[in-house]
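Down below is the structure, laid out as structure tokens.
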Amino acid sequence: MAAHLKKRVYEEFTKVVQQQHEDLSTKKLRLTKPSKSAALHVDLCKATSPADALQYLLQFARKPVEVESVEGVVRILLEHYYKENDASVRLKIASLLGLLSKTAGFSPDCIMDDAINTLQNEKSHQVLAQLLDTLLVIGTKLPENPSVRMRLVEVACKHLTDSSHGVRNKCLQLIGCLGLVEKGVAKEAESQAAKDVQKIIGDHFNDQDPRVRTAAIKAMLQLHERGLKLQQAIYSQACKLLADDYEQVRSAAVQLIWVLSQLYPESIVPIPSSNEEIRLVDDAFGKICHMVSDGSWVVRVQAAKLLGSMQQVSSHFLEQTLDKKLMSDLRRKRTAHERAKELYSSGEFSSGRKWGDDAPKEEVDTGAVNLIESGACGAFVHGLEDEMYEVRIAAVEALCMLAQSSPSFAEKCLDFLVDMFNDEIEEVRLQSIHTMRKISNNITLREDQLDTVLAVLEDSSRDIREALHELLCCTNVSTKEGIHLALVELLKNLTKYPTDRESIWKCLKFLGSRHPTLVLPLVPELLSTHPFFDTPEPDMDDPAYIAVLVLIFNAAKSCPTMPALFSDHTFRHYAYLRDSLSHLVPPLRLPGRKLVSSTVSPNITPHEDPSQQFLHQSLERVYNFQHLDPQGIQELLEFTIRDLQRLGELQSELAGMADFTATYLQCQLLLIKALQEKLWNVAAPLYLKQNALASAAAKQILEETYKMEFMYSGVESRQVVIIHHMRLQAKALQLIVTARTTRGVEPLFGMCEKFLQEVDSFQRCFISELPHMQGSFVDKLLDLMPRLVTSKPAEVVKILQTTLRQSTFLHLPLPEQLHRATANIIEPTGESDNPLRFTSGLVVALDVDATLEHVQDPQGTVKVQVLYPDGQAQLIHPKPADFRNPGPGRHRLITQVYLSHTAWTEPCQIEVRLLLAYNSNKSKASTRIPKSTWSESLEALPPSENGIEGTIPFSKPVKVYIMPKPARR
Amino acid sequence: MPEIKVTPLGAGQDVGRSCILVSIAGKNVMLDCGMHMGYNDDRRFPDFSYITQNGRLTDFLDCVIISHFHLDHCGALPYFSEMVGYDGPIYMTHPTKAICPILLEDYRKITVDKKGETNFFTSQMIKDCMKKVVAVHLHQTVQVDEELEIKAYYAGHVLGAAMFQIKVGCESVVYTGDYNMTPDRHLGAAWIDKCRPDLLISESTYATTIRDSKRCRERDFLKKVHETVERGGKVLIPVFALGRAQELCILLETFWERMNLKAPIYFSTGLTEKANHYYKLFITWTNQKIRKTFVQRNMFEFKHIKAFDRAFADNPGPMVVFATPGMLHAGQSLQIFRKWAGNEKNMVIMPGYCVQGTVGHKILSGQRKLEMEGRQILEVKMQVEYMSFSAHADAKGIMQLIRQAEPRNVLLVHGEAKKMEFLKQKIEQEFHVSCYMPANGETTTILTNPCIPVDISLGLLKRETAIGPLADAKKPKLMHGTLLMKDNSFRLLCPEQALKELGLAEHQLRFTCRVHIQDPRKEHETGLRVYNHLKGILKDYSVQHLPDGSITVESILIQATAHSEDQGTKVLLVSWTYQDEELGSYLTSLLKKGLPQST
């Protein structure tokens, strides 16, 4: 279609045709392709010394080779291979063979025989290893050919006796990757080799070289990954490897044992030196636990990680991991955890530690103490105390996974997790807080545990505090004292770090709604009401008071008796908070009060909440405006936009949707306004002033459509069509305005063509959606397409104008979930009066800390913009590592922005803001369409036209006071 | 049989005065040279006369190794080297070398200046002694002489503490010094590779204890301090200047940082400042966290901890003070204690063990009224807390180290006899290695079975391995060759080369054997029969019948002659060189069985 269009346009203006010829020239390149192999041949023949030949080969390797010429190149290489005496050149050739066989679309079975033949006479171990590697590549390229694999495996088996570890390594790798998995294929052949594959690999578990041992285990794991069921007999062999001298062997062996434990969890294995037998998974668990105290930290990390996924282990063994029998001078001692628990259950308060309070009590039977258990004893106690934080993190993760599957274990590991809140490395602390949150469904915190948890609220790291707030959101507290304690600590936190306000309120919201009955007895105290006296009315703007109210109101939601305890001003405050902090304060049914929510409540359906209904109703109204006069339409739109914006502020969960629709309506409003302008009727010379409005409207609509497309997460293709449609309308408007204001037709040709191309690509991208767009702008336009293509620009403009006026307003269907990307810069606060001084010409680092919500792929899209007072703007791409992901849909950007400028005489403010970068090439619509159409359109359209890159500011700018001083001489 | 002899001069079934003599393969090494805290007479130092009655110690000792800077491991060093007389090398790690003289000087001052002792080593002696010290790096193999080499491993415990491996040829001993298997706030955990020494000499201070997690203790400590400071109270922490003090400083410093606390922390000055300086320098010896963050900020550059001045004690408001000495028996800590004891808002935290008779011990045992000098009665209203922060490995830790190193024998020192007994029994039971616990002056002899390395020429090795199946490469393998012992080295050569090297002529050695066979036939026919018989059996060998009637199997010659007396008996003469001994004897035994009756 596009080609056709072009042709028609070009027919009239022959100037442009030359471009077409230039495009064709790219095809000439194909003629040069076959020369590649010949060139190589010449080069290699010219080479006088091995070093020369090596150079040629290295150069050759840098360039890609086309599929058709691969075989020829391979032949030439092989020819030289046989002639070559120098091992290094042969090595390079061998590696090139491997590279070449990787070429996409090339089937290497034709060169396999040659490759195998080269192995026969090769003496150098390195070259042998490289050749085997090449064979491996060839083998992996031919997955459908069992006989080839059989052959390769046989070749590998033959070279397993080689004296070099490198060759044996490769052989094992090859067997692991290619050893036959499928049963029933080539029965008799399989019985010889395939069955033996495991045995062959297993035999090399005892190789003298640790690298080969590792390779053997890895090959075994590879077999497992490819779906071959490993034999249980390997288990005992693998267990022996756990005591290997080399860490990489042990590390691989741990993995192998884990794999086997997952394969045969229920088989029974004997315990050595006794007659007892246990389940294999338990035995393996014990063995891996043992490796948590290995000498090498790599192994420890590996072991700790794997423990987490062994969920079939019996609870008896699981609980042992947290048990470390304490003793002092051979007398049994209780752990601090046990003491704390006892103290708690006995109801006593701690009398303050006395010396010897932890004095050991009972005598321990010396014979029964087992100092170095083979079982799981204390594995996690060790892991959590480990020197390397990597191990500790792995242990915490494992604890988390195990606790999620076993509530009783969750209860037990709580003490240990709480202890980890005090780790010296922040990452570990954070990880353990997250872990605790994940298992919080299974646990109820004791008061003493809560105490330690809450102590962390004073941490100076915002990450930690926020994670802790999240944790408290979903924690179960057992007593009302606990709730009180939590509230007190949170308020303390609030006074110390006022920026945590939102997070704390949110936390109290959940705390209140989870524990209504525990909050109830606290209400009089919290509100400081008195049965006889009126107490002074607290300050409504005090964040602490709001925090208390949030807790109470949320508890009151499911506790109807609570409002009776409120005093008058509390009700007033409720009304105020319900309005100003609607996302934190739930609707309450208050006795004797007529509140908006309570009046509406009887006639709403239980599923749909009134605000949602309101949203739909107002949209409904707007879509039916056809019958209104132009003035009425404008007013209706204006009011609806206002309503929607207000709704978005009130109802946080609907904010995205309300904003989205408001923006859409705004676009429509602008379009209507622009079309209603009188300029269309006025003679040309008078446009000049008036057209400002119309072109500004067009521009704004374009901007808004980009915002709609890229700033909201959850936008579906149905919405994308409508957004694109709106954009198309804006472009049409732009075209009309330019046509009206510019003299001469020359520039119009280009614009017209471009516009028609866009219409065309729109049609192709959204062909499936077109039936839903009856009577719309594009629908009408496509009907008129044949006429448009042939008409002159002036006519096109005229047609466009009438179509634009006649077209109907499209319904915007709303998706289920729609969220607007928002950003909030926390740091710098923009309140500082002290300028940041630095010497001009040098740089100063500005810490930027921001929270991002509902941003997809922030690493790729979020940028920081710095605006200097002289209008200079600087765009900074933060590193991917600067983004953290504290929760679903939320990101946090902590980065440093480097500023520099020439000297100023006075301190001045710069603006820092966050931008969301977009590229219409990567729009959601284009990812959706099938690949073939995409590549086609790429050919038809130069990429610059289709891919418009831009940025949307999505945070409030923050001003920073800076002062570059002149350098001192 | 070669043997290793170990004699503890101190620390044998005892804590303090560590000094262990080890003789290994003709080398004598002294491990540690400490003093005993409990004595003020001659018993405070090891009895060096055990080594030699007269003459310089240098002739009897190859080297001295100091594991770390605690006085019970290095306190006797100047006395030993300067007053008794030793000029050989003394090995210690860099931090130990830096901090050791500070402590020795302090020790000298207290003994000489305060207690007024004479006949004690002088400052100059300490300096001279330190000149003999050779500093070593972790994992650096130091050649003491041609055969003796030592290597240091990280031991935790205190800054610069190390375990030493002493190795002569294939025999080796590992001495752990004091070590800690659980990391703390400023040091990592001890680590050793699988070096499989013949003997592991381990400390056993906590032989019968399995400790609780460190985190609980830390948390308790921090909570106590935090609560008191929040109440507006003052916290006194009596410490000894080095070791635990730094750990507690880091603990409080990071806590203050994390929690954004403002109350001041003071550290009474003196030797600490110097020591802290060294802590800053030896970052590589500290734990992972400090090593990783020191580029941003050296953890020992305390932001919240300032130097203490006497006048600060009367300042109002909360504060935390670290003061020496640790047992509240004298000095600054006691002065502050007297000032603060009256207020119940205040708190004293004892981070370690207190000797009986000290104020520290009294208040820990619950005494609330103390009689001070001058008959004053001091009423203690402040809270008294005890927190144990010890940096020795517990029983589990010791077992873990043994598991890591896989020694063939274990010897326990630096602990109480009764506790050692328990651990010894456990070690023997779990690892099946023998365990010793000699008392002071008692010599333990351990038989070793060292392997002797022999050089083999590559040609011979390749030739010999090519013969026979390529069985398990890890298994011992029988090889033929000539062992040449020359110039104190062993070499395995092929015989020809050995002869050439030694300038000897080769002698042929042949074995001949006569086998009688009852065979009435002619000699010639008998020969043929034997030939056919052998040909039938020895298919893999070349069996030839020579024209003169004799038969050769490879290089073995068989001749059949008639018996001189009895013509019915044929004598088969079998002759072979000693190289073909195996085949030759096989042939004889074959022939002795007689020929088959048929044909």
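The values are calculated or read from the model by the stated rules, or taken from the named source; none is laboratory data. What you are looking at is a predicted structure, and each value in this text was computed from that prediction instead of being measured. As a convention, Cβ positions derive from the backbone with ideal geometry for all residues, glycine included, and neighbour counts pool all protein chains shown.
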### Query
What are the residues in the range A:468-497 that are of a type in the set (A, V, I, L, M, F, W, C) and in contact with a strand residue (DSSP E or B) (Cβ under 7 Å, 6 or more places away or on another chain), if any?
A:Val477, A:Ile483, A:Ala486
### Message
Condition (residue is within 26 Å of B:Tyr153 (Cβ to Cβ) and in contact with a Ser or Thr (Cβ under 8 Å, 6 or more places away or on another chain)) applied to the range B:220-240: is it met by at least one residue?
### Response
yes
## Note on the structure
Note: among A:Leu472, A:Leu508, A:Leu430, A:Leu468, just one is among the hydrophobic types (A, V, I, L, M, F, W, C), surrounded by 21 or more Cβ atoms within 10 Å (Cβ to Cβ) and either in the same structural domain as A:Ser652 (by the TED database) or touching a residue at least 40 places away in the same chain (Cβ under 8 Å) (or both), namely A:Leu508
#### Entry: In the range A:54-113, the residues that are β-branched (Val, Ile, Thr), under 43 Å from the mean Cα position of the chain (by Cα) and under 13 Å from A:Val127 (Cα atoms)
A:Ile93
### Summary
Going through the range B:187-208 in order, the residues found to be more than 9 Å from chain A (Cβ to nearest Cβ) and among the β-branched types (Val, Ile, Thr) are B:Ile201, B:Thr205
### Task
Look through A:Glu635, A:Glu620 and report the one residue that is under 42 Å from the mean Cα position of the chain (by Cα) and modelled with pLDDT of 75 or more.
A:Glu620
### Query
Among B:Gln383, B:Gln376, which is the only one that is in contact with a Ser or Thr (Cβ under 9 Å, 6 or more places away or on another chain) and of a type outside the set (Lys, Arg)?
B:Gln383
### Query
Looking at A:Phe416, A:Phe409, which one is touching a residue at least 24 places away in the same chain (Cβ under 8 Å), assigned to a helix (DSSP H, G or I) and within 13 Å of chain B (Cβ to nearest Cβ)?
A:Phe416
### Summary
Of those in the range A:862-912 that are outside any strand (DSSP E or B) and within 13 Å of the chain's Cα centre (by Cα), the residue modelled with the highest pLDDT is A:Pro880
### Task
Output yes when any residue across the range A:770-784 is touching a Lys or Arg at 6+ places or on another chain (Cβ under 9 Å) and of a type in the set (A, V, I, L, M, F, W, C), and no when none is.
no
### Message
Quick check on my filter: what residues within the range B:133-186 are more than 14 Å from the chain's Cα centre (by Cα), of a type in the set (A, V, I, L, M) and within 14 Å of another protein chain (Cβ to nearest Cβ)?
### Response
B:Met181
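Yes/no per residue for (1) over 10 Å from A:Pro793 (Cβ atoms); (2) surrounded by fewer than 18 Cβ atoms within 10 Å (Cβ to Cβ):
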{"site": "A:Pro747", "(1), (2)": "no, yes"}
{"site": "A:Lys754", "(1), (2)": "yes, yes"}
{"site": "A:Asp760", "(1), (2)": "yes, no"}
{"site": "A:Gln763", "(1), (2)": "yes, yes"}
{"site": "A:Ser768", "(1), (2)": "yes, yes"}
{"site": "A:His772", "(1), (2)": "yes, yes"}
### Task
Considering every residue within the range B:480-503, establish whether at least one is aliphatic (A, V, I, L, M) and assigned to a loop (DSSP other than H, G, I, E, B).
no
### Summary
Residue hits (the range A:723-778; in a helix (DSSP H, G or I) and β-branched (Val, Ile, Thr)) are A:Ile723, A:Ile736, A:Val737, A:Thr738, A:Thr741, A:Val759, A:Val778
### Message
Anything in the range B:293-320 that is within 27 Å of B:Lys234 (Cα to Cα) and in a helix (DSSP H, G or I)? List them, or say none.
### Response
B:Arg310, B:Ala311, B:Phe312, B:Ala313, B:Asp314
### Residue that is modelled with the lowest pLDDT, among those in the range B:336-363 that are in a helix (DSSP H, G or I) and basic (Lys, Arg)
B:Lys362
### Query
Which condition number in (1) at pLDDT 75 or above; (2) farther than 16 Å from A:Ala115 by Cα is the one that A:Lys102 fails?
(2)
### Query
Across the range B:101-126, which residue is farthest from B:Ile90 (Cα to Cα) among those that are at pLDDT 90 or above and surrounded by fewer than 14 Cβ atoms within 10 Å (Cβ to Cβ)?
B:Thr122
### Query
Do any strands (runs of 3 or more DSSP E) lying entirely in the range B:364-440 carry at least 2 residues that are more than 12 Å from chain A (Cβ to nearest Cβ) and modelled with pLDDT under 90, and which ones are they?
B:369-371, B:377-379
### Query
Given the conditions (1) in a loop (DSSP other than H, G, I, E, B); (2) touching a residue at least 60 places away in the same chain (Cβ under 8 Å), which single one is not true for A:Asn824?
(1)
### Query
Within the bounds of the range A:249-258, is there any residue that is surrounded by 21 or more Cβ atoms within 10 Å (Cβ to Cβ), not in a helix (DSSP H, G or I) and not hydrophobic (A, V, I, L, M, F, W, C)?
no
### Task
Output the number of residues of the range A:142-154 satisfying the condition of being surrounded by fewer than 18 Cβ atoms within 10 Å (Cβ to Cβ) and touching a residue at least 24 places away in the same chain (Cβ under 8 Å).
3
### Query
Quick one: which of B:Lys280, B:Lys369, B:Lys362, B:Lys274 is under 35 Å from the mean Cα position of the chain (by Cα), without any contact (Cβ under 8 Å) to a residue 24 or more places away in the chain and not assigned by the TED database to the domain that holds B:Thr93?
B:Lys280
### Task
Kindly check whether there is at least one residue in the range A:447-458 that is touching a Pro at 6+ places or on another chain (Cβ under 8 Å), outside the structural domain of A:Ser309 (by the TED database) and either not hydrophobic (A, V, I, L, M, F, W, C) or not in a helix (DSSP H, G or I) (or both).
no
#### Entry: Considering residues of the range A:437-466 that are more than 23 Å from B:Val225 (Cα to Cα) and within 14 Å of another protein chain (Cβ to nearest Cβ) only, the residue farthest from the chain's Cα centre (by Cα)
A:Arg462
### Task
Could you check, for the range A:533-542, whether at least one of its residues is among the hydroxyl-bearing types (Ser, Thr, Tyr), surrounded by fewer than 16 Cβ atoms within 10 Å (Cβ to Cβ) and more than 24 Å from A:Asp500 (Cα to Cα)?
yes
### Task
Scan the range B:538-567 residue by residue and report those that are assigned to a loop (DSSP other than H, G, I, E, B), more than 11 Å from B:Thr526 (Cα to Cα) and in contact with a strand residue (DSSP E or B) (Cβ under 7 Å, 6 or more places away or on another chain).
B:Leu538, B:Tyr541, B:Leu546, B:Ser555, B:His563
### Query
Where in the range B:211-292 are there helices (runs of 4 or more DSSP H), lying fully within it, with 3 or more residues that are out of contact with any Leu (no Cβ under 7 Å at 6 or more places or on another chain) and within 14 Å of another protein chain (Cβ to nearest Cβ)?
B:214-231, B:244-259
